[in-house]
Amino acid sequence: MSERLWGILIDSFPKILIPGLTLTIPLTAISFALAMILALIVALIQFAGVRFLKDLCRFYIWIIRGTPLLVQLYIVFFGLPGIGIIIDPFPCAILVFAFNEGAYSAETIRAALEAVPRGQIEAGYCVGMNWFQIMRRIVIPQALRTAFPPLSNSLIAMVKDTSLAANITVAEMLMSTQRIVARTYEPLALYLEVGLIYLLFCTVLTKLQHVGEQRLNTYVAS
Amino acid sequence: MSLLEVRNLSKALGGQTVLSDISLSVEPGDCVAILGPSGVGKTTLLRCLNLLERADAGELILDGVSHDLKHIRPKEAAAIRMHTGFVFQEFNLFLNKTVLENITEGLIVARKMSRADAVQRAEEVLRHVGLLDKRDVYPVSLSGGQKQRVGIARALAAKPQILYFDEPTSALDPELTGEVLSVMRDLAQDGMTMVIVTHEISFARDVSNRVITLRDGRVETDTDTQTYFTQKGVTVNGDR
Ligand SMILES: Nc1ncnc2c1ncn2[C@@H]1O[C@H](COP(=O)(O)OP(=O)(O)OP(=O)(O)O)[C@@H](O)[C@H]1O
Ligand SMILES: [Mg+2]
């Protein structure tokens, strides 16, 4: 490889990594945390079968899953200003990613809740607990263990999906790379470089997933 | 006055009448065996009594307080369960809790007992069923018989006025039923009020003081154990 290319790669590394640390990671972390809260609420409403609210949840999931994430980003960022709702790029990206992931994860968590044996709930009632106590102390912990691997999957997918935020002017890793490519005309090397940084982030998350699974598996057969 | 009285309980499941017009009463210290062929509604009856299932009609009088089983509210159901314990055929131990936590959970969360008191009480009942050494393991590493003994300890921990058992040994290997039955026998001897659905006819004969049999969703016989087995002769071989 030429010395010039090495120079570009080394020079660009912090310029890509820093937006990764200051934008991609916070964007993912905040969006995913909000998505989990939303997903748990949406899943619990359906699990409990709350009238009307349950239909609202199905509607929300139907809309989100039926439309592309990029279209959702465009509607909120480019579309809403048309009716006077203007949101800055970063919060806009968080909003869209959180609502998008919330819908998918709600389904994951709902399935995990439904997989908890009915007898666990009945035993909870029989020792005197009410529905909320049973959910909090028995059902949700068991469901989260089941849902942990697929949710980790979603988190890892989201790290990469945040690159879509480049389309609404969030200068995250991909956009930073695009800018350097525009200056240096080295697309292959630079896109490989940013790809590697994504891979690095996801590798760390995969490791964390393993640690998490180990800790959650304390009560299942070894 | 009876500790528990049930009047005219009826229940349909999936469009089929399972229980019709069941009336019975349980005196303090009674050990009532409920017998009957498979599918007759024994489990359904116990579940209705502990409000795991909503009866279509009927009245339940527990400790002098009357409850309309059809219109019971969650709060009222919870209040009734504060006086009862339930032992499941399939154990239903909390999988994400240790043996000790399985017992303390209800005491702390539902009965607002202090943690220290709850642990002390849990250790007491675990000693009673001979499983104190298993206090910190998870249910997954227990044998079936041990699981059921924890199930009994859990039901017992809150000092219920009445204990329901739904075929507590039916999910066990034959060689493990003995340890569970012996715990139950001790409880009966201590004067615990128990209602036991069982297919263990010889256990019913030895331990219960009353036998209720169900047939076609109704109470067929309700008599003291001795009379029941004398009239029936010595046909002791499970289901009729
Ligand atoms: N959810 C349900 N929907 C429809 N029918 C049901 C349901 N649950 C139970 N049944 C029916 O109700 C009847 C009574 O069932 P139940 O489990 O109470 O019988 P059981 O006397 O406990 O039987 P076993 O001795 O086999 O445990 C059975 O005929 C069963 O098929
Ligand atoms: Mg049964």
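The values are calculated or read from the model by the stated rules, or taken from the named source; none is laboratory data. From a predicted model like this one, the values you see are computed outputs, not experimental measurements. Because the Cβ atoms are built from the backbone with ideal geometry, glycine has one as well, and the counts that use them run over all protein chains shown.
Return only the number of the condition from (1) within 16 Å of ligand 1 (Cβ to nearest atom); (2) closer than 23 Å to B:D224 by Cβ that B:T43 does not satisfy. The one condition B:T43 does not meet is (2).
A:V50 - would you say it is of a type in the set (V, I, T) and assigned to a helix (DSSP H, G or I)? If you could, list the steps in order and put the result at the bottom.
Numbers: of a type in the set (V, I, T): yes; assigned to a helix (DSSP H, G or I): no.
Judged against the criteria, A:V50 is not a match.
From the list B:V40, B:V6, which one is under 19 Å from the mean Cα position of the chain (by Cα), more than 14 Å from every other protein chain (Cβ to nearest Cβ) and within 16 Å of ligand 2 (Cβ to nearest atom)? Residue meeting the stated conditions: B:V40.
The number of residues in the range A:124-146 that are more than 9 Å from every other protein chain (Cβ to nearest Cβ), touching a residue at least 40 places away in the same chain (Cβ under 8 Å) and more than 12 Å from B:N96 (Cα to Cα) comes to 1.
Helices (runs of 4 or more DSSP H) fully within the range A:116-222 that include at least 2 residues being of a type in the set (S, T, Y) and either in contact with a helix residue (DSSP H, G or I) (Cβ under 8 Å, 6 or more places away or on another chain) or at positive phi (or both): A:140-161, A:173-184, A:187-216. Within the range B:179-202, residues that are closer than 18 Å to B:L45 by Cβ and more than 16 Å from ligand 1 (Cβ to nearest atom) reach partners that are small (G, A, S) and not in a helix (DSSP H, G or I) with beta carbons closer than 8 Å, at six or more positions or on different chains, in the pairs B:T193/B:G29. Of the residues A:V50, A:V71, the single one that is free of Cβ contacts under 8 Å to residues at least 24 places away in the same chain and under 18 Å from the mean Cα position of the chain (by Cα) is A:V71. Output yes when any residue across the range B:124-144 is among the hydroxyl-bearing types (S, T, Y), over 24 Å from B:L46 (Cα atoms) and outside any loop (DSSP other than H, G, I, E, B), and no when none is. So far as the range B:124-144 goes, yes, one or more of its residues are among the hydroxyl-bearing types (S, T, Y), over 24 Å from B:L46 (Cα atoms) and outside any loop (DSSP other than H, G, I, E, B).
Among B:L49, B:L3, B:L35, B:L13, which is within 16 Å of ligand 1 (Cβ to nearest atom), surrounded by fewer than 20 Cβ atoms within 10 Å (Cβ to Cβ) and aliphatic (A, V, I, L, M)? Result: B:L13 is the single residue among B:L49, B:L3, B:L35, B:L13 that is within 16 Å of ligand 1 (Cβ to nearest atom), surrounded by fewer than 20 Cβ atoms within 10 Å (Cβ to Cβ) and aliphatic (A, V, I, L, M). For the range B:88-107, a residue qualifies if it is within 18 Å of B:L131 (Cα to Cα) and assigned to a helix (DSSP H, G or I), and the qualifying residues are B:V99, B:L100, B:E101, B:N102, B:I103, B:T104, B:E105.
When we screen A:Y185, A:Y191 for residues that are among the aromatic types (F, W, Y) and modelled with pLDDT under 95, the only hit is A:Y185. Within 13 Å of another protein chain (Cβ to nearest Cβ), of a type in the set (A, V, I, L, M) and closer than 23 Å to B:A188 by Cα, is that true of B:L49? So B:L49 passes the test. Across the range B:75-127, what is the total count of residues that are within 16 Å of ligand 1 (Cβ to nearest atom) and within 24 Å of B:G29 (Cβ to Cβ)? Going through the range B:75-127 one residue at a time, the tally reaches 3. If you filter the range B:147-180 down to residues that are surrounded by 22 or more Cβ atoms within 10 Å (Cβ to Cβ), away from ligand 2 (no atom under 16 Å from the Cβ) and away from chain A (no Cβ under 14 Å), you find that the one that is farthest from B:H199 (Cα to Cα) is B:R149. Any residue at all in the range B:121-139 that is charged (D, E, K, R), surrounded by fewer than 18 Cβ atoms within 10 Å (Cβ to Cβ) and touching a Ser or Thr at 6+ places or on another chain (Cβ under 8 Å)? Yes; the residues of the range B:121-139 include at least one that is charged (D, E, K, R), surrounded by fewer than 18 Cβ atoms within 10 Å (Cβ to Cβ) and touching a Ser or Thr at 6+ places or on another chain (Cβ under 8 Å). Residues in the range A:152-163 include none that are within 14 Å of chain B (Cβ to nearest Cβ) and touching a Ser or Thr at 6+ places or on another chain (Cβ under 6 Å). When the range B:55-78 is filtered for residues that are more than 9 Å from chain A (Cβ to nearest Cβ) and either closer than 24 Å to B:V109 by Cβ or without any contact (Cβ under 8 Å) to a residue 40 or more places away in the chain (or both), the ones remaining, listed by number, are B:L62, B:D63, B:V65, B:S66, B:H67, B:D68, B:K70, B:H71, B:I72, B:R73, B:E76. Per the listing B:R111, B:R115, the residue uniquely facing another protein chain (nearest Cβ under 8 Å) and over 17 Å from the mean Cα position of the chain (by Cα) is B:R111. Scanning the range B:192-214 turns up no residue that is part of a helix (DSSP H, G or I) and under 30 Å from B:K112 (Cβ atoms). Any residue at all in the range B:69-88 that's surrounded by 23 or more Cβ atoms within 10 Å (Cβ to Cβ) and out of contact with any Leu (no Cβ under 8 Å at 6 or more places or on another chain)? Looking for residues that are surrounded by 23 or more Cβ atoms within 10 Å (Cβ to Cβ) and out of contact with any Leu (no Cβ under 8 Å at 6 or more places or on another chain), one finds at least one in the range B:69-88, hence yes.
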